[in-house]
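Have a look at the structure below before the remarks.
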Amino acid sequence: MFVTPGAMLGLLGGGQLGRMFTKAAQSLGYQVTVLDPVPESPAGLVADNFICADYADSHALLELSAHCVAITTEFENIPAASLKKLEKVCVVSPDANSVSIAQNRASEKEFLVENNFSVVPFVIIDNTETSVKINYASFLPGILKICQFGYDGKGQRRVNNSEELKAAIDDLNREICVLERLMPLICEVSVIVARSSDGELVSFPVSENQHVNGILNISIIPARISTELAEQAKDVAAKVAERLNYQGVLCVEFFVLEGGQLLINEIAPRPHNSGHYSIDACFTSQFEQQVRVMCGLPLGNTDMHSAAVMVNILGDLWQKGEPDWGYVLQQSSTKLHLYGKLEARSDRKMGHFTVLGETADMALSKAIEIKDHLEEHCKG
Ligand code: ADP
Ligand code: MG
């Protein structure tokens, strides 16, 4: 039994991930209702139906479940209680339990440790008696991260010593945090997997991710790591999905250390920025895969038909005026994606472009050339 095209699908969250999901669903013939508290959200603008309400609004959730045969999410901070309510009346993927684990850095790390996955040395700082007595020295220099609602490096402070740690705890309003040791990274990679309700699992090619100020800047695919390490990363990502009994699209971010040691950085219960390349470079995109899982369709082929490099376009690019899109558009192997956001703010993800190439290195040099051009020129 699968949900046939024409049916209405529900989406919690209206950001760019939701916009790309909505387009993938629509191209398969489905309709989409988006629920988001922001009136002109990227996904809301292209959805067939839009409910503008808070994620905890019972009436709005009732309306969503009354209209939709299956519901998914593009945002990990949807209250788990809302997903639980929906689960009683509708098919919801991923489930409330997986989302609630992934939306909190402490529960995420505890889940990973309990299941014997390797993670960065960390300690939870919750300002209780016990946490005050912990000797933090072995986690310094480190990164202090708030447990909830952090994204794109926001809600994080780098700390070198205990004075800086104290100041950072205050600066983050004494919220519950994890303190992680700052690791010497060889590189960062991520794996996106899709897992169906009957346990079928496929993984996408491994992406190598370069960040600037905690924000993803460039993804290179396939990652320039050994085949063995890539297989190992895929294997660990699949195990995470299995341990969660996960249904949907899941991203596992890894740190690669000297000697090829893999540590899980974090997991995201949804499609991921590092998987955007799949729209243009794979037979099935991560967003189509999300539609396929929630509708009970067979999972699609995740193979790449070319190597790819994805570059994020942040709001900072608008500082001197509208970027020179003409230059991007005249490149024969480059695909431009803009998210329809009305205001270009610093560090805000406004779009991305993906360069296809015979090899990752060829795509990378072209991508850097385009990126440099965009940073130097604008239409004025
Ligand atoms: P977010 O949820 O904002 O993506 P992350 O925890 O993934 O937060 O951190 C963002 C980036 O900061 C990482 O991709 C990595 O480049 C860097 N980073 C985070 N934690 C560490 C660490 N413990 N050691 C070294 N680099 C780190
Ligand atoms: Mg991250």
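In Å, what Rg and Dmax follow from the Cα atoms of the chain?
20.6, 61
Quick one: Cα convex hull volume of segment 317-380, Å³ per residue?
Convex hull of Cα atoms, per residue: 84 Å³.
What is the pair-distance distribution P(r) of segment 68-165, computed from all Cα-Cα distances in 10 Å bins starting at 0, with each bin given as a whole percent?
Cα pair-distance distribution for segment 68-165, in percent: 14, 36, 30, 14, 5, 0.
Would you kindly find the accessible area of Cys378, with a 1.4 Å probe and non-protein molecules such as ligands, DNA and RNA excluded, rounding to the nearest 10 Å²?
50
What pairs in Lys133/Lys166; Lys88/Lys234; Lys85/Lys234 have C-alpha atoms more than 23 Å from each other?
Those over the limit are Lys88/Lys234; Lys85/Lys234.
For His337, what accessible surface area do you get with a 1.4 Å probe? Give it in Å², rounded to 10.
Using a 1.4 Å probe on the heavy atoms, I get roughly 40 Å².
Eigenvalues of the Cα gyration tensor times 5, then square-rooted: what semi-axes does that give for segment 7-74, in whole angstrom, largest first?
Each semi-axis is the square root of five times an eigenvalue, giving 17, 14, 8 Å.
Distance in nm between label sites at Ser332 and Thr130, each 7 Å beyond Cα in the beta-carbon direction?
In this crude spin-label approximation the distance works out to 6.3 nm.
Test of understanding: in a Gaussian network model of the chain with alpha carbons linked when under 10 Å, which of Ala80, Ala66, Ala96 would top the mean-square fluctuation ranking?
Ala66
Consider just the alpha-carbon atoms of segment 145-299 and return their Rg together with their Dmax, both in angstrom.
When restricted to the Cα atoms of segment 145-299, Rg and Dmax are 16.9, 54 Å.
Compute the longest continuous run of the chain that contains no exposed GluC sites (Glu not before Pro); treat a site as exposed when its DSSP state is not H, G, I, E or B and it has at most 14 other Cβ atoms within 10 Å.
41-199
Could you work out [θ]222 nm for the chain from helices alone, using -39500 (n - 2.57) per DSSP H run of at least four and dividing by all its residues? Round to the nearest 500 deg cm²/dmol.
That calculation yields -9000 deg cm²/dmol at 222 nm.
If you count only protein heavy atoms and use a 1.4 Å probe, how large is the accessible surface of Leu329, to the nearest 10 Å²?
Surface open to solvent at Leu329 totals about 120 Å².
Which order do you get for Asp372, Asp361, Asp36 if you rank them by accessible area with a 1.4 Å probe, largest at the top?
Asp361, Asp372, Asp36
If every alpha-carbon in segment 222-327 counts as one equal scatterer, what log10 I(q)/I(0) does Debye give at q = 0.10, 0.12, 0.13, 0.19 1/Å?
Each listed q maps to, in turn, -0.38, -0.54, -0.62, -1.11.
The values are calculated or read from the model by the stated rules, or taken from the named source; none is laboratory data. Please read these numbers as outputs of a predicted model, since none were measured by experiment. Using ideal geometry, Cβ is built from the backbone for each residue, glycine included, and neighbour counts are taken over all protein chains shown. The area values use the complete protein model at the heavy-atom level, side chains included, leaving out ligands, DNA and RNA. Shrake-Rupley method; radii C 1.70, N 1.55, O 1.52, S 1.80 Å.
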